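Remarks on the structure that follows.
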Amino acid sequence: MIVTKPYARLLAFDQDGNQEEFTRRHGIGLLRKIEWNARISHRTEDAQTPDSWERFVSTVVMSRGDWSVVEHASVTVDALIDRGISHEWVRHRLFSFTQSSTRFINHVKKMPPEFIQPEGLTDDAARASNGEQVELSQLQLWRHAINTSESVYRQLIAIGVAPQIARSVFPNALSTRITTTGNLRNWRHFCIMRTTKEAHPQMREVAIPLLQEFKTKVPLVFDDIEPLQRQADNLRLPQ
């Protein structure tokens, strides 16, 4: 059994399509693109300067609430999450998704399956709700279930069952890599919804660091979103 850590990170690509680190320079480039497109309405493109994006975005978007112009700038996020969280992730239907396929990946021939362990499982002696001692701890029970599912998957593959059928024995803990592309307005909505105290703990585990990366590298647009707020309060933020 391979246990891996989840993540979500911004992606950038150079002019030749090669992946590179997403930096604040990329973020400011997106805001300059927003400004240029927004200036079309008043035909003031010639008034744009290298630094005018900050005043423009602060005034037109943040203060006056013209969020439609933010849709001109898109970002791709690379995430490794478990299958349970991926079902929530893809509910943001305005995004574009590409996800690793359990139909076509043979986890015996191609790569071994990896699993994401939820935080909070204890390795202490456990008791059932009726007070009786349980033989295995929470963590031991979880590991037993994962080991069993992986073992059965391998046995099914060995006797000729196709990966797309054998995958049915895998739990939600199976990791999946997913790339997601959407405009900054959609990512703002994602961060508003998925960093709240009501969000699933494993969603917050990746969404909150992603929000912090957005704040660091894409100035202004995400500054008013704070993690672990009530969802009802976050939904009052401009969108």
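Taking the numbered list (1) among the polar types (S, T, N, Q); (2) without any contact (Cβ under 8 Å) to a residue 24 or more places away in the chain; (3) open to solvent by 40 Å² or more (accessible area, probe 1.4 Å); (4) farther than 22 Å from residue 97 by Cβ in turn, residue 149 passes all entries but (3). Does segment 212-236 hold any residues that are closer than 14 Å to residue 189 by Cα and of a type in the set (A, V, I, L, M, F, W, C), and which are they? If the condition is that a residue be closer than 14 Å to residue 189 by Cα and of a type in the set (A, V, I, L, M, F, W, C), then 214, 221, 222, 225, 232, 235 are the ones that fit.
Can you tell me which residue within segment 190-216, out of those that are polar (S, T, N, Q) and under 21 Å from residue 173 (Cα atoms), is surrounded by the most Cβ atoms within 10 Å (Cβ to Cβ)?
Of all residues in segment 190-216, those polar (S, T, N, Q) come to 195-196, 202, 212, 216.
Imposing the further condition that a residue be under 21 Å from residue 173 (Cα atoms) reduces the set to 195, 202.
Numbers: 195: 24, 202: 21.
It comes out as 195.
Among the conditions (1) of a type outside the set (Asp, Glu); (2) open to solvent by 40 Å² or more (accessible area, probe 1.4 Å); (3) touching a residue at least 12 places away in the same chain (Cβ under 8 Å), the only one that residue 19 does not satisfy is (3).
Restricted to segment 217-230, and to residues there that are modelled with pLDDT of 95 or more and touching a helix residue (DSSP H, G or I) at 6+ places or on another chain (Cβ under 7 Å), the residue that is most open to solvent (accessible area, probe 1.4 Å) is 223. Scanning segment 66-96 for residues that are β-branched (Val, Ile, Thr), more than 16 Å from residue 186 (Cβ to Cβ) and assigned to a strand (DSSP E or B) turns up just one, 81. Taking the residues in segment 80-103 that are of a type in the set (S, T, N, Q) and out of contact with any strand residue (DSSP E or B) (no Cβ under 6 Å at 6 or more places or on another chain) as candidates, determine which candidate is surrounded by the most Cβ atoms within 10 Å (Cβ to Cβ). Filtering segment 80-103 for residues that are of a type in the set (S, T, N, Q) and out of contact with any strand residue (DSSP E or B) (no Cβ under 6 Å at 6 or more places or on another chain), the one surrounded by the most Cβ atoms within 10 Å (Cβ to Cβ) comes out as 102.
The values are calculated or read from the model by the stated rules, or taken from the named source; none is laboratory data. The model shown is predicted, which means the values in this text are computed figures rather than measured ones. All Cβ positions, even for glycine, are placed from backbone atoms using ideal geometry, and neighbour counts span all protein chains on display. Each accessible area value is taken on the protein alone, full model and side chains, heavy atoms only, with ligands, DNA and RNA left out. Shrake-Rupley method; radii C 1.70, N 1.55, O 1.52, S 1.80 Å.
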